[in-house]
Amino acid sequence: MEKIRIELTQNPKKKPEGDNLPFGVYTSDHMFLMNYDEGQGWHDPRIVPYAPFQMDPACMVLHYAQEIFEGMKAYYGVDGKIRLFRPEENFKRMNTSCERLCIPEVDVDFCVQAVKELVKVDRDWIPTAPNTSLYIRPFIFATDIHIGVHASHSYQFCIVLSPVGPYYATGINPVRIMIEQDDVRAVRGGTGYTKCGGNYAASLRAGERAAQKGFSQVLWLDGVEQKYIEEVGAMNVLFKIGDEIVTPALVGSILPGITRKSCLELLRSWGMKVTERRISVDELVGCAADGRLIEAFGSGTAAVVSPIGELNYAGKNYVIGEGQIGEVTQKLYDQLTGIQWGRCEDTFGWTVIVE
Ligand SMILES: *Cc1c(COP(=O)(O)O)cnc(C)c1O
């Protein structure tokens, strides 16, 4: 692959003041770009001043949503080192998404290198207050100018950076979740296992309805029988039933989260019993009703883990763990964030130091 060309901005933006960094609001001074053209492959990798794209109204992505993305973070450690968390996993997953959406794959090591270079250029944008981080958003979209359905012959790859505050500003608060009975997010043979924008478009309506009723997210059931638990919004879901951790198996309609994978590896290293299998909603609410459901939590890059204090299904509420964060959820949070900010030893070799 070619060397990454760097063009620095002449007009640096004013950085946000203080620790008030709501998710997704601010972007840094630079972005990474490269382009794909048939016959040429991925080419012209460059770091340039952050700027809008110019787009023809017939640009394919605007009509047929051939687009995928990733989400990861850079952490300013307690030792002053900048860490990434399992970044190669993100680009391997990006390639899985590429394959499903007929987008040409990328070179994993080169993309990790691109992230490192971009984070170095914008290192002053990494917030340093406790539990803040720099969110990294790589994405690819179709750029053929053609109002006709086909796989595009040209693509734009981009990485942007966004400083984000602590997910839990006032301590970890358990969330209220509604189990969705009408809409589905993913179907058998569909794109559920990929991070594509279209999955989110399809999930918005249920999310809006749940929010109106005071729930923070939707728990999805499978799209075939609407009977089995899949995942929550942008998080995978794990349960402590008795002394066993149970999570839905990755059956193709569920996004294989890197946080989920890391939680399972940690739990197994602690000698806990971990099972990946189908869990029906009836089994789950049955366990919640008779007290066997001890903990429930979501896992994802944004929140790390998010305890579920209450589930709603078919008009009935089920309170879990008296609405408090559970012991295992807390331990996973402490261990994962400890590794990410360099407070704990990284015995798994999960972190990549930026320089
Ligand atoms: C990104 C995402 C997750 C979490 O994945 P992580 O790699 O842990 O951040 C879970 N579910 C969906 C639908 C997602 O898009």
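Just so it is clear, none of the values below were taken in a lab; they were calculated from the coordinates. As the structure is a computational prediction, the values presented were derived from the model and not from experiment. All Cβ positions, glycine included, derive from the backbone under ideal geometry; neighbour counts span all protein chains shown.
Remarks
- Cα long-axis angle, helix 197-212 against the chain (0 to 90 degrees, to the nearest 10): 40
- Gyration tensor verdict on the range 140-266 (Cα atoms; rounded if a/c is under 1.5, prolate if a/b is larger than b/c, oblate otherwise): prolate
- Packing here is the average count of other Cβ atoms within 10 Å per residue, and on that basis the peptides 312-322, 228-238, 135-145, highest first, run 228-238, 135-145, 312-322.
- The trypsin sites (Lys or Arg not before Pro) of the range 40-89 that DSSP puts in a loop, and whose beta carbon has at most 14 other beta carbons within 10 Å, are 81.
- Gyration tensor verdict on the range 267-318 (Cα atoms; rounded if a/c is under 1.5, prolate if a/b is larger than b/c, oblate otherwise): oblate
- Dipole magnitude of the chain about its Cα centre (Cβ charges: Lys, Arg +1; Asp, Glu -1), debye to nearest 20: 420
- Considering only 66, 212, 181, the mean-square fluctuation computed in a Gaussian network model of the chain, springs between alpha carbons under 10 angstrom, is largest for 212.
- 0 to 90° range, to nearest 10: angle between helix 281-290 axis and the chain longest Cα axis: 50
- Judged by the ratio a/c of the largest to the smallest principal axis of the C-alpha gyration tensor, the range 91-213 counts as oblate, that ratio being 1.5 or greater while a/b is no larger than b/c.
- One chain, two ends: residue 227 and residue 105. Fully extended at 0.36 nm per residue, the span grows by 40.5 nm beyond their Cα-Cα distance.
- Listed residues 98, 196, 344, most fluctuating in the chain (Gaussian network, C-alpha, under 10 Å): 344
- Between the alpha-carbon centres of the range 138-156 and the range 17-65 there is a gap of 14 Å.
- Normalised by residue count, the chain yields a Cα convex hull volume of 144 Å³ per residue.
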